[in-house]
Amino acid sequence: MINLFTSKEVKNLDELSVKYGVSLSELMENAGKASFEVIIDKIIPSLLNFNNRITVLCGPGNNGGDGLIEKNFDVKVCSPFNKTYFNSIALEKLEMSDFDLLEASQDLFKNSDLIIDALFGIGLNRDIDKKLIDLIDSINKEKNYVVSIDIPSGLETDTGEKKPNSINANHTITFQSPKPCHFLLPGKINTGELSVVDIGVPKKIFKEVKKSSNIFLNTSDLWKNHFPWPKEYDHKYSRGHLLVQSGDQFSTGASRLASISALRIGAGIVTLASSDEAALINASHLTSVMIKNINNISDFINFSKNRKVTSFLIGPGCGVTDYTKKLSLNIIELGLPAVLDADALSVFKDDPDELFSCIKKYNNNVILTPHEGEFNRIFKDTKGSKLSESGATIIYKGNDSVISNPEGLLAISDRSSPFLATAGSGDVLAGICAGLLSQGMDSFLAACAGQWFHKKIGEIPRPGMIADDMPGMIENFLPTVLGEIYEKS
């Protein structure tokens, strides 16, 4: 599993390393050498018209020392700060390097083939002043290739936010472990290509800090050992029965997309609860999904109890109605795993605490799947990384999807695709997650796996893709992808 270290954890890593006998000066020297190797071996050979001209932009902190590479090229070292601002370690490295410290200027950047950004590291926790904003702007306006050391200067390590501007790096070289800003917007755009290098932190210390870390990159290593692989003795009911609420006769498509996706991910049975009018439309489109004529909440609950239902999905196409609200609360009270999506979220916009208190009282196995608009309706005063108040697992959908649970675990998507930005795409995601819940997967892991599979669909080069294509694409790539994961688990 790949942990994403926060600024606090990086500082802890440094402090523990010093206690273990590795000095900050040694760590900085190792960081410089490791960065230099990536630049020499990987970056420079890929540059066209490289004429050995390198400008290193240094800051007054430890990251400034990281940026002082060996003098094998026409290297100029500059800074917007004079030496009196440098800390003792960075100053020592500067004096040992025998470089003259030049004042940062646009002419220096313009006459460079490669700019190494070592202005700020992970410690930036305040907005930078106008002079530095102008400096960053001048670098971003040039066409030079830019390599940032650790993180692009101007980013906030733990959120990926600009403060208020950031270097647009072509490549970022970071140490020991990636940071949240490398995968959260807008930081992921400013990061460019990412290389992670070892700088000699003792393995014992690294494992200790990693053990306490609660932010992960959402790769298959995070959940593959918990994936609900079918057993030899399984039958359709043991593989799970998902009950999905359909929309009315004019809004049936979303729930059908979700239902088919749940079957594709392995649910044994999927039943689509439909009104009289909606049942006829759904039946004309579906074969593998069961259709059940259900017109009221009492019948819905009784069916779920009598037919071995193991999970629910409410929201896609359901409408922002009193029925959707009451049904959502009733199924949460049953205590079975559930996914609430779309209208089942928006219906609580005036009183989100009614939803949250119900979840916390009755059910710790609920997944909420808001996009930005839905998120803002029910989490009015809460940032994307502070979601424990809901009592649920949250998939905050977007190009940098974040999955969180009430215990404070966070998983961030490593990449996404703009082809997923199409109507119905979220219904497919909700169906995948609900299908995994129906098979007994833990809500946080089901959300991580569901988002990962959904992301994989978007990675298939398919301009013009619409949500109707997605269940079929799951069918096409799922055996291969699952087979690879199965072999490694």
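The values are calculated or read from the model by the stated rules, or taken from the named source; none is laboratory data. None of these values were measured; they are calculated from a predicted model. Virtual Cβ from ideal backbone geometry, glycine too; neighbours counted across all protein chains shown. Ligands, DNA and RNA are stripped out before the accessible areas are found, and what is left, the full protein with its side chains, is counted by its heavy atoms. Shrake-Rupley method; radii C 1.70, N 1.55, O 1.52, S 1.80 Å.
Among the listed residues Thr321, Thr310, Thr271, identify the single one that is more than 26 Å from Lys236 (Cβ to Cβ) and modelled with pLDDT of 95 or more.
Thr321
Six or more apart or on different chains, Cβ atoms under 8 Å: show the pairs whose first residue is in segment 275-292 and closer than 15 Å to Ser251 by Cβ and whose second is among the hydrophobic types (A, V, I, L, M, F, W, C).
Ser275/Ile294; Ala279/Ile291; Asn282/Leu272; Asn282/Val289; Asn282/Ile291
Of these, Phe99, Phe120, which one is open to solvent by less than 30 Å² (accessible area, probe 1.4 Å) and within 36 Å of the chain's Cα centre (by Cα)?
One residue alone meets the criteria, Phe120.
Which members of segment 2-61 meet the condition of being surrounded by fewer than 17 Cβ atoms within 10 Å (Cβ to Cβ), over 30 Å from Lys131 (Cβ atoms) and among the charged types (D, E, K, R)?
Glu15, Lys19, Glu26, Lys33, Glu37, Asp41, Lys42
Answer yes or no as to whether Ile173 is touching a residue at least 40 places away in the same chain (Cβ under 8 Å) and touching a Leu at 6+ places or on another chain (Cβ under 6 Å).
So Ile173 does not fit the description; no.
Thr382: modelled with pLDDT under 95, surrounded by 15 or more Cβ atoms within 10 Å (Cβ to Cβ), of a type in the set (Ser, Thr, Tyr) and within 26 Å of the chain's Cα centre (by Cα), yes or no?
yes
Checking Asp158 against (1) out of contact with any helix residue (DSSP H, G or I) (no Cβ under 7 Å at 6 or more places or on another chain); (2) closer than 18 Å to Ser213 by Cα; (3) of a type in the set (Asp, Glu): exactly one of these is not met. Which one?
It fails just one condition, (1).
How about segment 173-196: which of its residues are assigned to a strand (DSSP E or B) and within 17 Å of Leu119 (Cα to Cα)?
Selection gives Ile173, Thr174, Phe175.
Look at Gly200 and say whether it is closer than 16 Å to Leu13 by Cα, out of contact with any strand residue (DSSP E or B) (no Cβ under 9 Å at 6 or more places or on another chain) and open to solvent by less than 50 Å² (accessible area, probe 1.4 Å).
yes
Count, please, the residues in segment 314-352 that happen to be hydroxyl-bearing (Ser, Thr, Tyr) and open to solvent by less than 50 Å² (accessible area, probe 1.4 Å).
Counting residues in segment 314-352 that are hydroxyl-bearing (Ser, Thr, Tyr) and open to solvent by less than 50 Å² (accessible area, probe 1.4 Å) gives 3.
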